[in-house]
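Peer 1: Have a look at this one before I ask anything.
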Amino acid sequence: VYQLLTDLKQQRKESGKTKQSSGQQNLNTIMYETLKYISKTPCRYQSPETVREFLVAMKDQKLTK
């Protein structure tokens with residue numbers, strides 16, 4: 001999620017600024033707040049490879065929801 005939001009934020013910066021609707025402004029606020037929160041957690045340093053390795057390692061444990 002962190003990587004996705006960071007990429008989306010970068011794309012918006014590169015595309016330039018245009019007049020935004022109130023819905024778009026709300027989305028920007030949600031993105032900002034989410035990135036702010038996530039950046040304070042350890043998941044900021046996770047990569048897709050790390051998550052994949054964890055899931056493979058846990059597969060043999062047969063955990064349930």
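The values are calculated or read from the model by the stated rules, or taken from the named source; none is laboratory data. Please read these numbers as outputs of a predicted model, since none were measured by experiment. Cβ atoms come from the backbone with ideal geometry, glycine included; neighbour counts cover every protein chain shown. Surface areas here come from the heavy atoms of the whole protein model, side chains and all, with no ligands, DNA or RNA. Shrake-Rupley method; radii C 1.70, N 1.55, O 1.52, S 1.80 Å.
Peer 1: Quick one: what pairs do we get from region 26-37, first residue free of Cβ contacts under 8 Å to residues at least 60 places away in the same chain, second in a helix (DSSP H, G or I) and open to solvent by 90 Å² or more (accessible area, probe 1.4 Å), C-beta under 8 Å, 6+ apart or different chains?
Peer 2: Met31/Lys9; Leu35/Lys9
Peer 1: Consider only pairs whose beta carbons are under 8 Å apart and that are at least six residues apart or on different chains; among these, list those whose first residue lies in region 44-65 and is under 20 Å from Asp7 (Cα atoms) and whose second residue is modelled with pLDDT under 90 and surrounded by 10 or more Cβ atoms within 10 Å (Cβ to Cβ).
Peer 2: Cβ pairs passing all conditions: Arg44/Tyr2; Gln46/Tyr2; Ser47/Gln3; Pro48/Gln3.
Peer 1: Kindly provide the set of residues from region 32-65 that are within 12 Å of the chain's Cα centre (by Cα) and either of a type outside the set (S, T, N, Q) or over 28 Å from Lys9 (Cα atoms) (or both), ordered by number.
Peer 2: Passing the criteria: Tyr32, Glu33, Leu35, Lys36, Tyr37, Ile38, Cys43, Arg44, Tyr45, Pro48.
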